[in-house]
Amino acid sequence: MSEDYMYARDGTVDSHNNPANKNKTGKWKACRFILGNECCERLAYYGMSTNLVNYLQIRLNQGNVTASNNVTNWSGTCYITPLIGAFLADAYFGRYWIIAIFSIVYCIGMTLLTMTASVEGLNPSCDENGCDPTKSQVVVCFLALYLIALGTDGIKPCVSSFGADQFDANDEAERKKKSSFFNWFYLSINVGALVASSALVWIQMNVGWGWGFGIPAVSMFIAVGSFFSGSRLYRFQKPGGSPITRIFQVLVASIRKSHVNVPHDKTLLYETTDAESNIKGSCKLEHSKTLRFFDKAAVEVEGDHVQGLISPWKLCTVTQVEELKSIIRLLPYTGHERGFTQLQRMGIGLVLSTIAMIVAGILEVIRLNYVRRHNYYDLEYIPMSIFWQVPQYFFVGCAEVFTVIGQVEFFYDQAPDAMRSLCSALALTTVALGNYLSTLLVTIVNNLTTRNGNLGWIPDNMNRGHLDYFYWLLAILSLLNFLVYLWISKSYTYKKVAGRLG
């Protein structure tokens, strides 16, 4: 094998900071440790969070709406803090070290949460009448939860991108394997989630919360061990400096030159003469015809050169301008390429999620009719088979398969090379916003439907409520969301690479 093909051509290096040798680093031999890490981390996360509403209701004595809102607020935080970890990874430390550091914080949070459920003095005192938590016990519990949220800060946006970094985008064979990696990555998530939502939930409700939180904590320690075990096999992308600074440089330079006309000939726009981009770890990007106002930042005018030096706050390269354009285009996201395009996969997922809400509404109507028919209003457990829930969970699962895999792959492919963690974090913010909107929606619905002494749609005793109305509302909102998605997706312009690294 010639030396040109012995090393990865995407700018990655090995653990000794030398060019990554294709035969000794990356690909599936490295990814198995990353997939193991993700599976165990997801088992830890879902094992702790799936039944968290019940824990807050039973052990912290919170009502149905309060517990639900606390969980959705916490979950939203778990999905918005990754913006911080992603920025630090892309700008300064690289994905490996951010995953490593924040995984330790994650373990501390999981350990503390386990202690709040099992150590005398930290766990609330309970008797046949319920539990009576002190303020300090509630504070420690939420401190543990938000330490876990901080721990997810560095893991969620970096692990999928770090796994994809193990395949050279400039090698045709490895590029095909990269697409397969995202499928295996999502499978590892769901294996962990399946064990968590079945076996661990049973343990929490039948054995105890100490064991129910302790097992996920141990799983998180195993996840960390799996990740570190593959260190010598990994390929590392070098951090490219602050993406926020580069974005503001383009904005400032564009505004400064708002009076300048953009030439029709794109070759007149400023770009480095070197084969590689001047952004560390990033390929050059081709000029695109959209968002042309920002092209003004790449127009050379008198005053840009001072004593032979160029200020990036006055003149930016085409690649730097295209980085900003890529971010703007990703905000209302879409996609392209294998089999069903990424855009189509996400669209199918949105349709399936709407169907899931409709099916859930139908099931709740059937359940409430059963309650009325047999006067089971005050019965805690309704004698209906759990398999009635299979249809809507089937549709939810299918929706996630189409949406999540397409979204993760799309945000990696369409992101500028030096901003992939940040763009993965942007994808996660959609989940965060969804959780915060869920809290707002539940609060509004509860306030409106409990007026004049009514029980409302979502009372503590669901047998006397109207959860079916809430599902119909979600179905309508899901349909509107899909229609907006279709309208936005039509105008997306795909990223084009002008050169290769290495």
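The values are calculated or read from the model by the stated rules, or taken from the named source; none is laboratory data. What you see is a predicted model; the values in this text were computed from it and never measured. Cβ atoms come from the backbone with ideal geometry, glycine included; neighbour counts cover every protein chain shown. Please note that ligands, DNA and RNA were not included when accessible areas were found on the heavy atoms of the full protein model with its side chains. Shrake-Rupley method; radii C 1.70, N 1.55, O 1.52, S 1.80 Å.
Within the range 421-471, work out how many residues are without any contact (Cβ under 8 Å) to a residue 40 or more places away in the chain and of a type in the set (Gly, Ala, Ser).
Result for the range 421-471: 3.
Say we look at the range 352-365 and pick out the residues that are open to solvent by 30 Å² or more (accessible area, probe 1.4 Å) and modelled with pLDDT of 90 or more; which of these is farthest from HIS466 (Cα to Cα)?
Residue satisfying both the conditions and the ranking: ILE355.
Against the condition surrounded by 21 or more Cβ atoms within 10 Å (Cβ to Cβ), polar (S, T, N, Q), in a helix (DSSP H, G or I) and under 23 Å from the mean Cα position of the chain (by Cα), how does SER219 come out, does it pass?
Details: surrounded by 21 or more Cβ atoms within 10 Å (Cβ to Cβ): yes; polar (S, T, N, Q): yes; in a helix (DSSP H, G or I): yes; under 23 Å from the mean Cα position of the chain (by Cα): yes.
For SER219, the condition - surrounded by 21 or more Cβ atoms within 10 Å (Cβ to Cβ), polar (S, T, N, Q), in a helix (DSSP H, G or I) and under 23 Å from the mean Cα position of the chain (by Cα) - is met.
Among (1) surrounded by 24 or more Cβ atoms within 10 Å (Cβ to Cβ); (2) in a helix (DSSP H, G or I); (3) more than 18 Å from the chain's Cα centre (by Cα), there is one condition GLU174 misses while meeting the rest; what is its number?
The failed condition is (1).
Which condition breaks for GLN204 when tested against (1) farther than 24 Å from PRO19 by Cα; (2) open to solvent by 20 Å² or more (accessible area, probe 1.4 Å)?
(2)
The rows are residues; the columns are (1) touching a Ser or Thr at 6+ places or on another chain (Cβ under 6 Å); (2) open to solvent by less than 40 Å² (accessible area, probe 1.4 Å); (3) at pLDDT below 85; (4) at positive phi.
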{"position": "CYS316", "(1), (2), (3), (4)": "no, yes, no, no"}
{"position": "VAL321", "(1), (2), (3), (4)": "no, yes, no, no"}
{"position": "ILE327", "(1), (2), (3), (4)": "no, yes, yes, no"}
{"position": "LEU331", "(1), (2), (3), (4)": "no, no, yes, no"}
{"position": "THR334", "(1), (2), (3), (4)": "yes, yes, yes, no"}
{"position": "THR341", "(1), (2), (3), (4)": "no, yes, yes, no"}
{"position": "LEU350", "(1), (2), (3), (4)": "no, yes, no, no"}
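Under 7 Å between Cβ atoms, at least 6 apart or on separate chains: pull out the pairs that start in the range 479-491 with a residue that is under 15 Å from ILE355 (Cβ atoms) and end on any residue that is among the β-branched types (Val, Ile, Thr) and in a helix (DSSP H, G or I).
LEU479/THR354; PHE482/VAL351; PHE482/THR354
When you scan the range 15-48, how many residues do you find that are acidic (Asp, Glu) and either farther than 13 Å from PHE162 by Cα or over 28 Å from the mean Cα position of the chain (by Cα) (or both)?
Going through the range 15-48, the residues acidic (Asp, Glu) turn out to be 38, 41.
Those still in the list that are either farther than 13 Å from PHE162 by Cα or over 28 Å from the mean Cα position of the chain (by Cα) (or both) too: 41.
Count: 1.
Working carefully through the options TYR370, TYR393, TYR381, TYR436, find the one that is surrounded by fewer than 20 Cβ atoms within 10 Å (Cβ to Cβ) and outside any helix (DSSP H, G or I). First the steps, then the outcome.
On the way: TYR370 fails: outside any helix (DSSP H, G or I); TYR393 fails: outside any helix (DSSP H, G or I); TYR436 fails: outside any helix (DSSP H, G or I).
Result of the check over TYR370, TYR393, TYR381, TYR436: TYR381.
Go through the range 439-487 and give me each residue that's assigned to a helix (DSSP H, G or I) and either among the charged types (D, E, K, R) or on the phi > 0 side of the Ramachandran plot (or both). So that I can check it myself, show each step before the final result.
As a first pass, look at the range 439-487 and keep what is assigned to a helix (DSSP H, G or I): 439-449, 451-453, 462-464, 467-487.
ARG451, ASN452, GLY453, ARG464, ASP468, listed by residue number.
Which ones in the range 375-398 are without any contact (Cβ under 8 Å) to a residue 12 or more places away in the chain and closer than 14 Å to ARG464 by Cβ?
Residues satisfying the conditions are ASN375, GLU380.
Sort out which residues of the range 21-75 are over 27 Å from ILE222 (Cα atoms) and either of a type outside the set (S, T, N, Q) or touching a His at 6+ places or on another chain (Cβ under 8 Å) (or both), and write them in order of number.
Correct list: LYS22, ILE58, ARG59, LEU60, GLY63, VAL65, ALA67.
Give the range 1-56 a look and list any residue that's open to solvent by 10 Å² or more (accessible area, probe 1.4 Å), in a helix (DSSP H, G or I) and among the aliphatic types (A, V, I, L, M), or say none.
Of everything in the range 1-56, those that are open to solvent by 10 Å² or more (accessible area, probe 1.4 Å), in a helix (DSSP H, G or I) and among the aliphatic types (A, V, I, L, M) turn out to be MET6, LEU35, LEU43, VAL53.
Of the conditions (1) among the hydroxyl-bearing types (Ser, Thr, Tyr); (2) free of Cβ contacts under 8 Å to residues at least 60 places away in the same chain; (3) in a loop (DSSP other than H, G, I, E, B), THR66 clears all except one; give me its number.
Among (1) among the hydroxyl-bearing types (Ser, Thr, Tyr); (2) free of Cβ contacts under 8 Å to residues at least 60 places away in the same chain; (3) in a loop (DSSP other than H, G, I, E, B), THR66 violates only (3).
If you scan the range 415-433, which residues turn out to be farther than 15 Å from PRO82 by Cα and open to solvent by less than 20 Å² (accessible area, probe 1.4 Å)? Can you show your working first?
Start the filter on the range 415-433 by keeping residues that are farther than 15 Å from PRO82 by Cα, which leaves 415-418.
The answer is ALA415, PRO416, ALA418.
Can we say LEU143 is within 26 Å of GLY434 (Cα to Cα), without any contact (Cβ under 8 Å) to a residue 40 or more places away in the chain, not in a strand (DSSP E or B) and not basic (Lys, Arg)? Break it down into steps so the answer makes sense when it comes.
Details: within 26 Å of GLY434 (Cα to Cα): yes; without any contact (Cβ under 8 Å) to a residue 40 or more places away in the chain: yes; not in a strand (DSSP E or B): yes; not basic (Lys, Arg): yes.
Considered against the rule, which asks whether it is within 26 Å of GLY434 (Cα to Cα), without any contact (Cβ under 8 Å) to a residue 40 or more places away in the chain, not in a strand (DSSP E or B) and not basic (Lys, Arg), LEU143 comes out as yes.
Quick one: SER160 ticks every box in (1) open to solvent by 20 Å² or more (accessible area, probe 1.4 Å); (2) under 23 Å from the mean Cα position of the chain (by Cα) except a single one, so which number is it?
The one condition SER160 does not meet is (1).
When you scan the range 240-260, do you find a residue that is loosely packed, with under 15 Cβ neighbours inside 10 Å and of a type in the set (D, E, K, R), even just one?
No, the conditions are met nowhere in the range 240-260.
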